[in-house]
Amino acid sequence: MKVAVISDIHGNRHALEAVLDAIANSGAAEVWCLGDLVGYGADPDACVKLARARSALCLAGNHDLAVTGELALDEFSAAAGAAARWTRQVIAADSLAFLSGLRPAGERSGVGLYHASPRDPVWEYVLSVLLADLCLDSQPERVCLVGHSHVALSFVRHPGELTTGEARGADDHLGLATGEWLINPGSVGQPRDGDARAAWLLLDTDAATATFQRTDYDIAGAAAAIRAAHLPDSLAERLQYGQ
Ligand code: ZN
């Protein structure tokens, strides 16, 4: 089965719509969403509605849990806290009810799914080989997917070898038949790896392969929506740099 993996949408409707169009042409039978549907961007309800309609499985991210009130806002940066407060004010009751029912960890087709990490599904940023090694020690599934850092990357540990990790760009292809893996598709709505295009991953569970994807979207439209909502300007500015 081909699966499209999306994460960290962050209220960016422009990016999510472009990615879902690309997914519709990808042959993917399912969409798995690793969380952070809201926060930062100007269209939380549209993103919740689309993710809810299209995802076979959807996790909660730390920003979703901030909006539902499960996490305190003092754990967030100033801009993230301001965006979470704004989202709480504007979000529709049925969107909030959907987010309240999500959990930050799950499993599907034998693949482990975590918003942040297998050790800490809500908060841990897995950006180093050292942390990835500890995660691989603790994860029950051989192949796990995480979001949260907004950086497309993969870590692998083959039997008898040390863990290695690499940032991943468009069309990078992984063979997952052997080894223990921790893979981040990157962020749909706020990429932070220097490529401003929306990031996602196409996984093939039968062939045991994965291919990193980038999709162009209307960045100016997303930035204009953030400014029109009077959210912090930095949240609009960073989109064009993918930072
Ligand atoms: Zn995020």
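The values are calculated or read from the model by the stated rules, or taken from the named source; none is laboratory data. The structure presented is a predicted model; accordingly, all values stated were derived computationally and were not measured. With ideal geometry, Cβ positions are generated from the backbone for all residues, glycine too; neighbour counts draw on all protein chains shown. Each accessible area value is taken on the protein alone, full model and side chains, heavy atoms only, with ligands, DNA and RNA left out. Shrake-Rupley method; radii C 1.70, N 1.55, O 1.52, S 1.80 Å.
Multiply the residue separation of residue 75 and residue 233 by 0.36 nm, subtract the distance between their alpha-carbon atoms, and state the gained length in nm to one decimal. Show your work: numbers first, answer last.
Details: separation 158, 0.36 × 158 = 56.88 nm, distance 2.08 nm.
Difference between extended and current length: 54.8 nm.
If Rh is defined by the Kirkwood formula over all Cα pairs and Rg also comes from Cα, what ratio Rg/Rh do you get for region 1-85?
Working: Rg = 13.2 Å, Rh = 13.1 Å.
Expressed as Rg/Rh, it is 1.01.
Looking at the P(r) of region 96-183, how many percent of alpha-carbon pairs lie beyond 17 Å? Mind dumping the intermediate values first?
On the way: 1789 of 3828 pairs.
So the pairs more than 17 Å apart make up 47 percent of the total in region 96-183.
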Next item on the list: State which stretch of the chain is the longest one without any exposed trypsin sites (Lys or Arg not before Pro), exposure meaning a DSSP loop state and at most 16 other Cβ atoms within 10 Å.
Entry: 1-118
Margin query: Keeping every protein chain present and rolling a 1.4 Å probe, give me the accessible area per residue for region 135-187 in Å².
Written below: 40 Å²
Check: Using the membrane-span-like helix rule (whole DSSP H runs, Cα extent along the own axis of at least 24 Å, mean Kyte-Doolittle hydropathy at least 1.0), which helices of the chain qualify?
Finding: none
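What FRET efficiency comes out for the pair residue 241/residue 170, r = Cβ-Cβ distance, R0 = 22 Å, nearest 0.05? Let's see the in-between values first.
Details: r = 17 Å, r/R0 = 0.77.
According to the calculation, E is roughly 0.85.
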Notebook entry, point to check: Got a sec? What order do 91, 9 fall in by accessible area at 1.4 Å, biggest, i.e. largest, first?
Noted result: 91, 9
Check: Hey, any idea what the orientation-averaged projected area of the convex hull of the chain's Cα atoms comes to, in nm²?
Finding: 11.4 nm²
Next item on the list: Spit out the partnerless Cys residues in the chain, using Cβ distances under 4.7 Å as the pairing rule.
Entry: 47, 135, 144
Next item on the list: Note the full-extension length gain between residue 220 and residue 178 as 0.36 nm times their separation in residues minus their Cα-Cα distance, in nm to one decimal.
Entry: 11.0 nm
Next item on the list: Any chance you could list P(r) for region 162-243, counting all Cα-Cα pairs in 5 angstrom bins from zero, rounded to whole %?
Entry: 3, 14, 22, 19, 14, 11, 8, 6, 4, 1
Next item on the list: Within the set of other residues whose C-beta is less than 12 Å from the C-beta of residue 164, count the net charge using Lys and Arg as +1 and Asp and Glu as -1.
Entry: -3
Checklist line | 222 nm mean residue ellipticity, helices alone, for the chain (DSSP H n ≥ 4; -39,500 (n - 2.57); rounded to 500) | finding: -9000 deg cm²/dmol
Checklist line | Accessible surface of the chain, 1.4 Å probe, proportion on carbon and sulfur as whole % | finding: 51 percent
